[in-house]
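The values are calculated or read from the model by the stated rules, or taken from the named source; none is laboratory data. What you see is a predicted model, and the numbers here were worked out from it, not measured in a lab. With ideal geometry, Cβ positions are generated from the backbone for all residues, glycine too; neighbour counts draw on all protein chains shown. All accessible areas refer to the heavy atoms of the entire protein, side chains included, with ligands and DNA or RNA removed. Shrake-Rupley method; radii C 1.70, N 1.55, O 1.52, S 1.80 Å.
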Amino acid sequence: MFDRKKYKWEAYEKSQGLPKKMVRVSLARVLVLVLLYAAVYFPYYVKKHSDWKKNWKETVMNAQGTWNGFGDLHEFQAGEEIDYDNIQMVYSYGEDGSLSVKQRLSYWEYVKDSRSVLEETVIYLVGWALFFVFTAMSFAVSRYVFNWRKSGESSFASFLKSFSGRTFRGAAWYSLWNFIFSIPMQTVSILFSKLLSDERAAASSVPTVASGLASAAGEAATVSPRVGIAMLVIYLMLFYVIFAYAKVMGYSMMRYVLADNPKLGVCRAMNLSKKMCKGCRENILVMQLSFFLWWIFSIITLGFGFILLMPYLENSYINAYEAIKKNSIESGVLKEEDFDVLQ
């Protein structure tokens, strides 16, 4: 039986005093991740912000014009015609009738809309490289806490020894399978994002109807069939997300199998994790969700909340792992010999 509350309560008692000993470990993990993310993303968003300001400056300079003879449209020097109903949202005009562009788009909207498919793909791959680093550190922390439970050793040197070839190989396999399962979702996400961007651009050039009822009908008439297809794809992807997450959940005990059996192969550990988790994946998911507020607290404190969370979190999952392993052996799903490196 999977007793989530029991595992967490025992973890709370076992973790007493450990946060003080894990301060350097927690700080090292937080600082490495913060510095990596800053080094990768900060220059990118600084460049995007510069492009954003330059884009609007050029747009304002080129968007000077006057009302046309009908009083509902105006024409810019660049030859662009804009619908009168949208004029108040995008443009302002002075007493002399000259027009200038107001900064309607926010910076984040500009960043999202200005990304090419290639740029989205590169960002996606970089994100997964950082995910691998995060996973490797998680595998090392799990091994570190596991060793502390066995030997009582909690020095920083013990943490550094947790970074072995098996740690990186295990993290690489775990990250690889997560990456493979995420490819369809990311592909659809990129294409759908571009589709919506195109629809917004097209909708901005379509005249609106004066009355409320006619306006609603006009907006409905301008909706492209591609939007309906996109909505269907979204529903299909929701089912795929459930399927993919269930698959990935089967690998959730992999790092504890490796920590518990230092000489076991990575592929063997992955297969054992899949067998152990079969039938209790939903329980593991509920347990993960039960730490949601802790994660929020850690993020709000810029990662330093992990100093308190890490010992509690790791001990909770180790308790769950030991219970799942015991139940798997007692039920005949696995045997003690399956964890033998000579098998």
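Are there any pairs with C-beta distances below 9 angstrom linking a residue in segment 154-170 that is under 19 Å from Val133 (Cβ atoms) to a residue that is open to solvent by less than 40 Å² (accessible area, probe 1.4 Å) and polar (S, T, N, Q), with the two at least 6 apart or on different chains, and if so which?
Partner pairs satisfying both residue conditions: Ser162/Ser142; Gly170/Thr135.
Do we have Phe297 as assigned to a helix (DSSP H, G or I), among the aromatic types (Phe, Trp, Tyr) and either open to solvent by 10 Å² or more (accessible area, probe 1.4 Å) or modelled with pLDDT under 90 (or both) here?
Answer is yes for this residue.
Restricting to segment 277-294, what's the tally of residues that are in a helix (DSSP H, G or I) and either within 18 Å of Lys6 (Cβ to Cβ) or not aliphatic (A, V, I, L, M) (or both)?
Matching residues across segment 277-294 total 12.
Of all residues in segment 281-294, count the ones that are more than 20 Å from the chain's Cα centre (by Cα), more than 17 Å from Arg255 (Cβ to Cβ) and surrounded by 14 or more Cβ atoms within 10 Å (Cβ to Cβ).
Result for segment 281-294: 1.
Show the residue pairs meeting these rules: Cβ distance below 7 Å; 6+ apart or different chains; first residue within segment 314-341 and of a type in the set (Ser, Thr, Tyr); second residue part of a helix (DSSP H, G or I) and open to solvent by 10 Å² or more (accessible area, probe 1.4 Å).
Ser316/Tyr7; Ser316/Lys8; Ser328/Lys275
What is the number of the single condition among (1) closer than 22 Å to Gln186 by Cα; (2) at pLDDT 85 or above that Leu289 does not meet?
Leu289 satisfies all of (1) closer than 22 Å to Gln186 by Cα; (2) at pLDDT 85 or above except (1).
Restricting attention to segment 36-53, which residues are more than 18 Å from Leu125 (Cα to Cα) and open to solvent by 80 Å² or more (accessible area, probe 1.4 Å)?
Correct list: Lys47, Lys53.
Counting only residues that are in a helix (DSSP H, G or I), over 21 Å from Pro311 (Cβ atoms) and open to solvent by less than 60 Å² (accessible area, probe 1.4 Å), how many does segment 143-169 have?
So the count comes out to 2.
Just for segment 300-332: of the residues that are aromatic (Phe, Trp, Tyr) and surrounded by fewer than 20 Cβ atoms within 10 Å (Cβ to Cβ), which one is nearest to Glu10 (Cα to Cα)?
Tyr312
Tally up the residues in segment 124-141 that are open to solvent by 10 Å² or more (accessible area, probe 1.4 Å) and either free of Cβ contacts under 8 Å to residues at least 60 places away in the same chain or touching a strand residue (DSSP E or B) at 6+ places or on another chain (Cβ under 9 Å) (or both), please.
Residues in segment 124-141 being open to solvent by 10 Å² or more (accessible area, probe 1.4 Å) and either free of Cβ contacts under 8 Å to residues at least 60 places away in the same chain or touching a strand residue (DSSP E or B) at 6+ places or on another chain (Cβ under 9 Å) (or both): 6 in total.
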